[in-house]
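The values are calculated or read from the model by the stated rules, or taken from the named source; none is laboratory data. Please read these numbers as outputs of a predicted model, since none were measured by experiment. All Cβ positions, glycine included, derive from the backbone under ideal geometry; neighbour counts span all protein chains shown. Each accessible area value is taken on the protein alone, full model and side chains, heavy atoms only, with ligands, DNA and RNA left out. Shrake-Rupley method; radii C 1.70, N 1.55, O 1.52, S 1.80 Å.
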Amino acid sequence: MTFEVGGVRFGCLLGMEIHYPELFAEYEKLDVDCVLFSTSGTPGNTAAQAQGHAAVNSYWVSLAVPAQHSAKAPSGIVAPNGDWLARCPTDDSPSVAVVNLDDTSEAAADAVTYGRPWRREARAGVHTGHQVIDPRSEDRTAAF
C-alpha cells in the first residue's frame, strides 16, 4: 500500500516485516520517499535493520516502537543515507520524533541524487554484459 501526502509518497510495513528486505526493495520500486515501519514486538536489532533498509534503498524510514522498548530501540527517523535524524528518549516515556523529509538536506541529497539512481541502473542490468562467466562459479557447494 502506498499513499501520498503533500507530494511525499509513503509505504507502510509492520512487525516482523523488517526481516524481509524484499518488501523494502518493492517499496523502492514503487518510488516511495518514506517507509513507515511500526512494531510492537521485541526490538532486537530492529533499529539497525531500519538503518540498513534506509541506506540500501535511499529513502526515509520511520521506526515506531512502544515506549517500553525505548531503552533498546527508541523510535526515530532514518535519513536516506542511513543516519538517524531524530530519536525518541530512551527512558520509556511516550514521545514523538519529528523531522522535515527534505531530499536536499545533507543527510539525503547524495543518497537520493546519486545512490538511488545508480542502484536502479545496476539492478536493471547495466553490468550484465561485463560479468565474467567461469564454470568454477557455477559450483555452489561447499567442501570442508
(message) Just to confirm, what accessible area per residue do you get for segment 1-132 at 1.4 Å probe, in whole Å²?
(response) 56 Å²
(message) If you take every DSSP beta bridge fully contained in the chain, what fraction is antiparallel? Give it as a percent rounded to 5.
(response) 50 percent
(request) Output ³J(HN,Hα) for segment 77-84: one whole-Hz value per residue in order, computed from phi by the Karplus curve 6.51 cos²θ - 1.76 cosθ + 1.60 with θ = phi - 60°, and x for Gly and Pro. (result) 10, 9, 7, x, 8, x, 7, 6
(request) With the full set of protein chains in place, find how many percent of the accessible area of the chain is carbon and sulfur; take the probe as 1.4 Å. (result) 55 percent
(request) For segment 102-108, just list the computed ³J(HN,Hα) in residue order, Karplus coefficients 6.51, -1.76 and 1.60, θ = phi - 60°, integers in Hz, with x standing in for Gly and Pro. (result) 10, 5, 9, 5, 4, 6, 10
(request) Could you tally the net charge around S40, taking each other residue with its Cβ under 15 Å from the Cβ of S40, Lys/Arg +1 and Asp/Glu -1? (result) -1
(message) Please compute the contact order of segment 43-131 in relative form: average sequence separation of alpha-carbon pairs under 8 Å and at least six residues apart, divided by the residue count, as a percent.
(response) 24 percent
(request) Give, rounded to the nearest 20 debye, the magnitude of the charge dipole that segment 22-138 has about its Cα centre when Lys and Arg contribute +1 at Cβ and Asp and Glu contribute -1 at Cβ. (result) 200 debye
(request) Please give the peptides 47-55, 122-130, 134-142, 97-105 ranked by average Cβ packing (other Cβ atoms within 10 Å per residue), highest first, as a rough proxy for protection. (result) 47-55, 97-105, 122-130, 134-142
(request) Express the relative contact order of segment 51-93 as a whole percentage, based on alpha carbon pairs under 8 Å and six or more residues apart in sequence. (result) 40 percent
(message) Give me the net charge for the shell around L23: Cβ to Cβ below 12 angstrom, other residues only, Lys and Arg +1, Asp and Glu -1.
(response) -3
